[in-house]
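The values are calculated or read from the model by the stated rules, or taken from the named source; none is laboratory data. The structure presented is a predicted model; accordingly, all values stated were derived computationally and were not measured. Counting neighbours? That spans all protein chains shown, and the Cβs are built from the backbone with ideal geometry, glycine included. Accessible surface is based on the protein model in full, side chains and every heavy atom, while ligands, DNA and RNA are left aside. Shrake-Rupley method; radii C 1.70, N 1.55, O 1.52, S 1.80 Å.
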Amino acid sequence: MAEILNAHGSLNDIFVTALTPGDFASDADLRAFVRNLCDRHGPFGGDGVYFYDAARPVPEAWFFNPDGSSAEFCGNGMRCLGRVILDQRGAGTVQIRSGPLDYTVRRGPTTTEGVRQVRLEHPAVDFDPDVPVITGHRPAVEARLPELDPALTFTAVTIPNPHLVAVIDKYVESDLVSMGARVAARRDLFPAGANLSVLLPLAPAEIFVRTFERGAGLTASCGSGMAAARAVYSRIGRGDPERGVVIRNVGGMATASLHVSDGHWFPVLEGNATFVYRADVDPTDVDPAVLAKAAKPAARDPYTDEIRAYSALHEQNSARLRVAGIETTVS
């Protein structure tokens, strides 16, 4: 049996487990386990799984989307995983390797509501990646993509996940879903797929961001999407890179700034890392019926105080979105 922890950053809920891909009999079994665990119509449900090995001097992690595909990393998930390892080591700072890069995670302040926060330091954003996000376009130049929306300008950026970000003046959820579906379907135009985000300015230091995620679809929030949007916000001249900007999304809020070093921008994202529940599952059995037994409420160990604390913070964020006239759904 293995323990799984369900945790979230801005309601982007991720499973964290001290397993590695090598613990599965085959790659097919690994991906089936991820799909069944994340299936919203199944016994659990989530936006992805972070496997990790903390025995190494630099802990190594592997992230998988709910459809079973792998990704370079997950921003919200990294904050949750980071908190797990910080607590295990009794440390204030830790580095974690996800994909080819190392990420620095630090303890953040606890909010007045009692919400635990974590600060994640990303590698430099790249507006000119070696592999273009958009085939046929120089990534360093903002592009008009009539295939998605002829009225919008899209900025391609890797962080290191590939992202497309468009600044909008009104949020229409159906438009985002439609564009995200087209990105997923057009591998000829987007060879590695891409996370598609829209950015709506609310105030000079406050923005709303929503992302249609590669391999996941519309989620409550996307950590790397928030970081990518923050970089684009300064790229288009809307704010000093070092300035903290409040980023609101359906699931909550975070604060992001860009540390400037040697001409590069390194996003720093601070937000919640909330534990929801833990349960024991058998990773060698990918049968959904077996997972169903472990998913019974009596088999879960909830983090009641953390859930209650985040609910108070979430209601404040939801009230701000209502005032701004932003209508959304969580999934």
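Restricting attention to region 211-237, the residues being of a type outside the set (A, V, I, L, M, F, W, C) and either farther than 29 Å from residue 39 by Cβ or open to solvent by 30 Å² or more (accessible area, probe 1.4 Å) (or both) number 6.
Could we say that residue 40 is surrounded by fewer than 16 Cβ atoms within 10 Å (Cβ to Cβ), closer than 21 Å to residue 223 by Cα and of a type in the set (Lys, Arg) here? Yes. Pairs meeting the criteria (first residue in region 305-331 and in contact (Cβ under 8 Å) with a residue 40 or more places away in the chain, second residue assigned to a helix (DSSP H, G or I) and surrounded by 12 or more Cβ atoms within 10 Å (Cβ to Cβ), beta carbons under 8 Å, at least 6 apart or on different chains) are 327/173; 328/173; 328/321; 329/173. Being open to solvent by 20 Å² or more (accessible area, probe 1.4 Å) and of a type in the set (A, V, I, L, M) narrows it down to one residue among 18, 2, 7; which is it? Going through 18, 2, 7 in turn, just one is open to solvent by 20 Å² or more (accessible area, probe 1.4 Å) and of a type in the set (A, V, I, L, M): 18. Scanning region 179-210 for residues that are open to solvent by 40 Å² or more (accessible area, probe 1.4 Å), in contact (Cβ under 8 Å) with a residue 24 or more places away in the chain and of a type in the set (D, E, K, R) yields a total of 3. In region 16-133, counting only strands (runs of 3 or more DSSP E) that sit wholly within it, the ones holding 2 or more residues that are in contact with a strand residue (DSSP E or B) (Cβ under 8 Å, 6 or more places away or on another chain) and of a type in the set (S, T, N, Q) span 93-98.
Go through 209, 198, 172 for me and flag whichever is of a type in the set (Val, Ile, Thr) and farther than 21 Å from residue 256 by Cα.
172 is the lone residue from the list that is of a type in the set (Val, Ile, Thr) and farther than 21 Å from residue 256 by Cα.
Under 24 Å from residue 174 (Cβ atoms), open to solvent by 40 Å² or more (accessible area, probe 1.4 Å), at pLDDT 95 or above and outside any strand (DSSP E or B): is that true of residue 308 in this structure? No; evaluated as a whole, the condition is false for this residue.
Inside region 167-178, residues that are of a type outside the set (Asp, Glu), assigned to a helix (DSSP H, G or I) and open to solvent by 20 Å² or more (accessible area, probe 1.4 Å) make up a count of 3.
Quick check: is even one residue across region 72-94 modelled with pLDDT under 90 and either farther than 16 Å from residue 227 by Cα or surrounded by 16 or more Cβ atoms within 10 Å (Cβ to Cβ) (or both)? Yes - at least one qualifying residue is present in region 72-94.
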